[in-house]
Amino acid sequence: MKRRRRGEAPEPGCLRAWAAESEALAGRWRAARGWGPGGAAARQQRGAFGELLLRMRGLPAALTTLPLELTVLYNSLLFAMGASDCAINGESEEICQGLLRVLEALGASGQDLSTEELWQKVLQEVTVEELQAPLHRLGALQGAWWLATNRLGSITGLFRLLSSAEDPGRAPCSGGKNELLSLLKAWKVPAEGASVSLVQSAEDLKEILCTAAAFLQGLQELEAGNLPAALSLLEEAAGGFCSKRVLAQIYTCLSCCTQQMGKPQTALQHLKRALQVDFQCLPALSHAAAVYHELGEMDAELEALAVLYEALERNPPAAASTTPYCLIQIEHLVHTPALASLFRHRHPSEVKYLLAQRCLQDGRVADAVEHYLDFLALLQDGLQQQVPLDGGSALPRIPEVFLEAASALEQAGRHQDAITVCEEVVSRTADLIPQVLRVEERSEQPECPSPGTELAGGPLSQKRESLCCLVWRTAAYLHQGWAWAMLGKNKEAITQFSRCLGDLLRIQLYQSGVEPTGSLIPEVNLLQKIRLLSLVGRGTQFLELGKHREALLDFQHGLQISPGDPAAASYLVQALWKLNRKQEAAARWQKLSESPAEEDGQQEGLGRRVARPYPLYLVSCLKQATFPHNESLARNIQDYLRTATT
Amino acid sequence: MAHVGHRVDYLAGFCCPVGGLVSGKPRVLCHENEIYLSNGSEFVYVYDQEGKVLKAVYKCPDQVWHVELLPVPRQLYILCAHSGIYCVSLDQQSRLMEQTDGDGQESNCPSGVFPVDSDACIFPDSTLCTFTLLNNFVITLSQAQGKWWMKLHELPHPEQESPPYRQISEVGFCPGPEPGDEGDSPPSRFLPVLCCASSPGTVGSGEGLWCSGGFVLEEPLFSLLFGIDAAMLESPMILCGFPDGQLCSVPLKALSSSQAADGCHDVSSQDPPVKILHHLEEPIVFIGALRTERRAAEEEEAEDEQLFGDAGCDCVVAVGHYGKMVAVKADQREEATVPELREYYLRGPILCAACGSGSRMYYSTHSDISAVDLDWVNESSDPEDVESSTGVLPPVLSPASLSICSVVALSLSSRASEGESELLALSAKGRLMTCGLCSPEEAPPARLTPAEAGRRIKELLSGIGNASERVSFLKKAVDQKNRALASLNQVMNVSAALLSSQEGQKPIACTVTANWSCLLLQDAVTISCVLENCSEYSLEEGWTLCVQLLASPCALEEESVDSGTTFTFPIDQLLPGNKRELTLPLGSAADTKLDLPLTISCALYYSLRDILGSGSDSSEALDDFFPDDSPILSPDREGICLPLSERTIDMLQCLRFESSPPGPAASPPAAALPAPTDPVETFLKVSKEQAEPDGAKDGEQPHAPGDGNLPPSTASIRVSSELLKNALKSSSSGVPLSCATLRWLLAENAGAEALRSGEVASVRGAAPDGGEVQLLVREARKGLAPRRNALGPRAVGAVLGCRTEPPGQLRCRDGSRASGWVAGPPSTNPGLPKCCSCCPPAPGWAASPDVLVSLPARAVVASSGGPARHTGLGQ
C-alpha cells in the first residue's frame, strides 16, 4: 500500500465529476435499450464513453482514478465490440493502453511487452484491492477478444493468471475435461461495486464466454474429426446461456456431429430441436434434407427441401439483427470457417435445383420436370434471383443443368421440349470449341477443382474448359438424337447422332509420357462414353431404317471403343442376325453370355473403373441405349444353335 | 498525328481549385439536353445545353467522387467521399425550384443551390469507393478489411414508398497480392472503375436498359470473356478496373461467395466467381467497348442501320493511367474462335477517356485529346501477309489529335444525331466544352488543281509569316513575364521578411535622428534617415524609400489641417548588410516655421506598374498617390507599401546646446500673421484667465499674439518624485534625481553630451526657430501647494502633451513650441489626451508631487508667429 503515494491524486472534484458522468451515461443506456433497436444509441454511447475516457487519460495515471478509468474503458469497449459486426480491430490496443496506464500509475514500465506478457506483469504488480475488480472485468473482455480471434491458448493463459491471482492457494486445475472451460467456470466474477455501473455485467460476460468457448472448441473438434470430444463440448454449449439463434446453431452442429458418428436418427432429433428453438434457422432444414437423403427417405427429403424453398422465397434472409440487450453476443465471438460452411446461406435457386435433381435421381420424372422448368424460369427472373456458382454452391455448371432438364423432359415424353433445351446448349457452345482439340490422354497433375477460365490464364484451364464444352455439346446432340428417335424421325435422329460423332472427331488424344502415370481425364472418359452411346444410337436408327450394314459398322466401332459393352454387343448380334450372318451372331452371342457377371455389374463395374458415376444427364441415354430385345434375340439364337447342331 | 476535323464550343466555366482540377473524380454526364457535371468539389451542377444556363447546383456534404444518373425516375446518384451514396430526385427538385420561384427569394440559397442533406443518403458507407447503376440495381464497390466488397442492391420501385434498399448479395474478393492494406481509404488517388457489360439477350433489356458507361457485348466475345455459365445465365457482368491494374469480371447474377448467413466474413476456402481478365500493371482509368467491324457489317446490310446499332460492341478496351491500353476482341479463325488480346502503348498520362458507338476511342492527356480507331480490316488478300499480321485488331494505333488540352472528364453526348457525335469535355480549369466530331469518312479527300495548290501554298506561307511574328511577340511577352515574376519574387521575399517580423526588430530598418548641421552657411535642423538592410534579400531597383513629414495634429486646433510632405528616394540597390544614409533639411531657423513635433513615417514602396514594364512615369504617378494632404502613406494603390517606422521629432530633440547662443540677428521677426490657433497662445490665455482647466477644449479664439516683449514664459509641472525615481531607476544610479530627469528628457538629443558628464539640473539651449529655452529640474519640498490642477499661478507658457506607454515606462512628447512633459502615474489609463492638456489627466497623478519641473520658456512667445508653413522640400 505504500505505493499509493506515488500516483498523484487528481482533485476529488474531477473524479467525482467523471464518476457522475459515467453513471449518467450508463443510466441513459439502460433507459434507451428498453426502447427498441439500439444501433444508433449504441454508437452514440460508444462515442460518449470514448470521449470521457480520452478526457481521463489527459491526466497522468493515478491509482485513485484507475478503477473508474478501467470501468469506463470496459464500458466503451463493450459498445465498440457490440457495434462492430464481427471484426474487432482496435480493441486489443485499447486494452493494452489501459494496462499500460495501470503500470504507469505503479511506476513500472510495460513497453515492448506482448499483450499476454503485459497481463502477466500487471496482475503480478497490482496489489491494490480496488483495482482487482476492474482488472478482472477487463480480463474477461480480453478473453472475449481472444476468443473472437480464435486464440484459445492466450485466453487459457489469461484465465489461469486470473484465477491464481484470485486464489493463489488453489492449484491450477489441470487437464481433466477441458482446461479453458473449467478455468472459466472457476473464475470468480468480481462483485459489481456500487459506485460504478456497467452496461453489461461481468456475470453476463462470463456466461457468454463459457458458452462461446464450448461452442468454439466443439466446432474445432468437429472439424478435426474428434467427434466424441466435439459432442461433449457442443452439448455443454447447448446447456449454456445463449440466444435462440445461437442455440439453434449449436443444435445444428450437434446434428452434424451425430450424423458423422453414424446416428442419423439422433441427428434428426437435434435438427428438430434446432427448428423448434428458432424456426428461422434454415440451414437446419437443408441439413435435415441431407440426413433424410442419407437415410434414403426420399419423401421426407423432398418435403424438407420444399419447405426450405418456400421459406426462402417468402422471406429472404435478412441481415443479422442484433438484440439490443446484450452488447457482446456469442455471434460476435465464434467465427470459424467450419461454422461458415455449415451455415452457408442457400439461395432459392440452389434449393430449387436440389429438388429437381433429387426427383430426377429418384425417377420422379413429372416432379423433376416441374422443378427443372421452375429453375429455368428462375434463371430468367432478373438479378433478384441469384444463382451462386462458386465452389460451395449446390449447383453444377449451368449447361449441365440444361442437359439434366432435357433429360427429365425426355423421360417425361416431352421430346420436342428436350430438343429445344438442348439446342440452347448446342448454340452456346458453338464458339467455344476449337476445331481441333489436342488433349493429353492422361493428366499429369491432379485435376483442379474449379475449371477457372481466365482469359490470360494458363492454356491448360482454357483447354479444360473447351473440353467441358465439347462434352456438353456432344451430350446435347446425343439427347437430341434420342429424342428424335423417340419421335420416330429416324433421319433427324441420325443427323444429330452424326453431328455428335462429327464433333467428337475434333478431339485428338495423344500420349506424351513414356508410361501412363496419371489417371484418365474424366472428360475424356466421358467423351468416349458419349461416342459409344452415339454410335449405338445411330446404329439402332440404321437398323430401323433397314440399313443393316451401316448399323453393323456403327456397332463394331462402338465395340472398338468399349470392347465389353453389352448393349453394343447385343446390337451387333442383332445386326449380324438381320444380315443373315447367323453363325457369327451365334458365336458372338455365346461369348457375350459367357460373361454374365459383367453384364449384371455393368453400372458398378464402369463406375469403379472411372472412380465416378456418369453425370445425371447421361443416365437416361444410358438407359435408352440398353438392348431391349434381349429375350427374343436369345430365343432366336438358341433356336438357331439348336437347329445348327442338330 | 493527323488532325480530326472538329469544332469546339465553350459552354460554361465552373470553379476549380488553384492547381486546376485533378482527373479521376470529375465527371460529365449527358442525358437529353442536360449535362450533369461534378468537378471533384462538393458541388454537382445541372446544365441545360439547349438554353445554355445552369439549372441547378447541388451541394453535397463532402467531395463528390462519382455521379450516376438514372433517367427513368430522373434521379441523380452521388457518391460522396467517406460518407456514402446520396440520391437526389431531379423531378422533385425542379418542382421545388418552381415553388421557390413563386415564393420569391425565401430560401437561403438564392441561386438554385440545393443542399443535399443526410436524409438523402441511401447507402451510408464510408468505405465505398465507387458504384454503378444497372436499371434499378445499384452495384457498389467498397474496400474494407483488406478486401474489395462488391454489393448488389435493389432500388425500390418508384410506386413503393421508401422501402429500404435491399441488399441482394455481396461478394468479397482480393484480387492480387495486396489490395492496399494501409488504412481503410483507397491507397492511391485512383479509384476503381466499374462498368457493366450485358449479353445481347440480357434480362430486362426490352425496355430501357440503362447503365451509363455500360454496353452490350456481342456474343462470341461475351462467352469467350466471361464463360459459358454467365452467357447461359444471361447475366450482366461487372468489369472492375483496379488501381493496381487488374481487370476483373464479376457475374451479377452469381454474386455470392461462400459465407454464412450470419454475416461472418471469413471467406477463405472458396474462390468467388470473380475472374481476373487481365493485369495492366498500372491504374486503370477507363473501361469501355467499341464497335469495330462497322464497314464489314455495312457492306452486308447497308440499309439496316438500326439493326446494326442494336448488335452491341465487339471489342472491350481498358486504359491505364500511364498509357497502357488493352483491347480484346473475338477472333473467329478457322480452327477456333479465340479472344484476341492486344496491348498498346499510348502517350500518357491519360486523364480520362470515352467511347462512342463507333470504333473510336477518345482519350485525354495533359496536352491533348486524341482519338484512336480500332477499326482494322485485315484487307491483305495474299496469304503471306496474313501470316505476318494475323488478328483482328490493328497492330499499332495512330492517334489523331483534337488539340484540346488538359481535359479531365470526357463523355460522348447522347444528344448528337445523324452520325455526328459530340464530345463533352471538362477542362482542368473548370471549363465545359463540346467538341463536334466528324467521322473520318467526311474528311475531304479532294484532289487539288495547280491553281488551288498555288493558293494553298501562298496561304500557308503567309500563315507561316504570321506565326513567326506571333512567336516573337509571344517570346517577348514571355520574357517580360519572367522578369516580372523574378521581380515579384524579390518583392514578395522582402515583404514576407518585413511582415513576418511585426513585433520584433524589423530586418529592414530605418532610423531617424534629428541633427543640427550647417547647410549653405546656415545652421539648420536636418533629419537623417539611415536605411539598413539586415535581411537576406537585397533591395533591388524599383523600391523607393518614402519619408513623410507630418506635423502632429493638435487638439487645440480644431480646424487644423494636417500638413504633410513626402520625400521619395529611389533605391538602386541595397545589398544585405548594407546601409544608406539620407539627409533632408527640416528648414533653417530663418526662413521656415517648424511645426514641432513632427511625425516622420518611413516606408518602402514598390510600384507594380514598374513590374509590368509600363512604369516610366512612376514618379509622377507616385505623387498622385501621395497628395500633400494625404494623412498617411497610401498603402496599397497600384503598388506595395511596407511601413518601416514612425518617429516623432519633438522640441527636445531639436534643442541646440551651444556655448554661444544664436545672435539677435537670427531671432525671428515679430510675428505678423495671425497663426492659426497657436496652442501656446491658447494655453497662455487659459492660464492667465485662470479658467477652468478644461477650457482648452472649448476652443476659444486666441487673442492676438503678444508683441514680443513679454516676459519669458514659464511653465512648471509637478511630478511625483516616487514615480520618477521608480521610472528612472536604471539610469539614475548615483546621480541626483533632477539630473537624471534632465538626462532622460534629453536622451534623444544628439547635442546634449554635456549632460552625460556633469551633474546638472538645468540646461539652456536654442530652439530651431531661434528661441531660447531653459530646462530646469528641481526637487520641491513637501507642502508646496499642491493644487488640484497642479499648475501654479506662475506656471505659464507651456502646453503639454503626454502619452504613457506600457505601465512603468514614462515617455514624453510635447505639445507644441514650448518644451515640457507631463507624466501620469503608471496606472493611468491609456486614453490620455494625445496632445495637449492643461490639467492633470487623472486625479491620481499629482497626489503627492514632490518634484517640480519648471520650464522657463522665455522666448517661446516671440517666435509664435512664424512665416508660412513649411512645405515640401522635396519638390
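The values are calculated or read from the model by the stated rules, or taken from the named source; none is laboratory data. Please read all numbers here as calculations on a predicted model, not as lab measurements. Neighbour counts are summed over all protein chains in view; Cβ atoms, including those assigned to glycine, are modelled from backbone coordinates with ideal geometry.
Within segment B:25-65, the set of residues being under 17 Å from B:K429 (Cβ atoms) and part of a loop (DSSP other than H, G, I, E, B) comprises B:K25, B:P26, B:N39, B:G40, B:S41. Scanning segment B:325-337 for residues that are within 8 Å of another protein chain (Cβ to nearest Cβ) and surrounded by fewer than 19 Cβ atoms within 10 Å (Cβ to Cβ) yields B:Q332, B:E334, B:E335, B:A336. Restricting attention to segment B:722-767, the residues being closer than 21 Å to B:V525 by Cβ, at pLDDT below 70 and not hydrophobic (A, V, I, L, M, F, W, C) number 2. Within segment A:375-399, if we keep just the residues that are more than 7 Å from chain B (Cβ to nearest Cβ) and among the aliphatic types (A, V, I, L, M), the residue that is surrounded by the fewest Cβ atoms within 10 Å (Cβ to Cβ) turns out to be A:A377.
Taking A:A356, is it more than 14 Å from chain B (Cβ to nearest Cβ) and over 30 Å from A:F79 (Cα atoms)? So A:A356 fits the description; yes. From the list B:V138, B:V57, B:V113, B:V64, pick out the single residue that is at pLDDT below 85 and under 28 Å from B:L412 (Cα atoms). None of the others qualify; the one that does is B:V113.
For the criterion of being modelled with pLDDT of 85 or more, farther than 21 Å from B:F137 by Cα and crowded, with 21+ Cβ neighbours inside 10 Å, B:S198 fails. Residues of segment A:400-431 being more than 8 Å from every other protein chain (Cβ to nearest Cβ) and touching a Cys at 6+ places or on another chain (Cβ under 6 Å), which ones? Selection gives A:A406 alone. Has segment A:170-187 got at least one residue that is exposed (fewer than 15 other Cβ atoms within 10 Å of the Cβ), at pLDDT 75 or above and within 30 Å of A:A19 (Cβ to Cβ)? Scanning segment A:170-187, I find no residue that is exposed (fewer than 15 other Cβ atoms within 10 Å of the Cβ), at pLDDT 75 or above and within 30 Å of A:A19 (Cβ to Cβ), so the answer is no.
Of the conditions (1) away from chain B (no Cβ under 14 Å); (2) within 27 Å of A:D390 (Cα to Cα); (3) modelled with pLDDT of 90 or more, A:A475 fails just one. Which one is it? Condition not satisfied by A:A475: (1). Residues that are modelled with pLDDT of 75 or more, outside any helix (DSSP H, G or I) and within 30 Å of B:A371 (Cα to Cα): does segment B:435-455 have at least one? Looking through segment B:435-455, at least one residue is modelled with pLDDT of 75 or more, outside any helix (DSSP H, G or I) and within 30 Å of B:A371 (Cα to Cα). From the list A:A284, A:A237, A:A224, A:A229, the lone residue that is within 14 Å of chain B (Cβ to nearest Cβ) and modelled with pLDDT under 90 is A:A284.
Under the condition of being farther than 20 Å from A:A476 by Cα and part of a helix (DSSP H, G or I), the residues counted in segment A:516-569 number 20. Mind counting the residues in segment B:129-139 that are within 14 Å of another protein chain (Cβ to nearest Cβ) and assigned to a strand (DSSP E or B)? Total meeting the criteria: 6.
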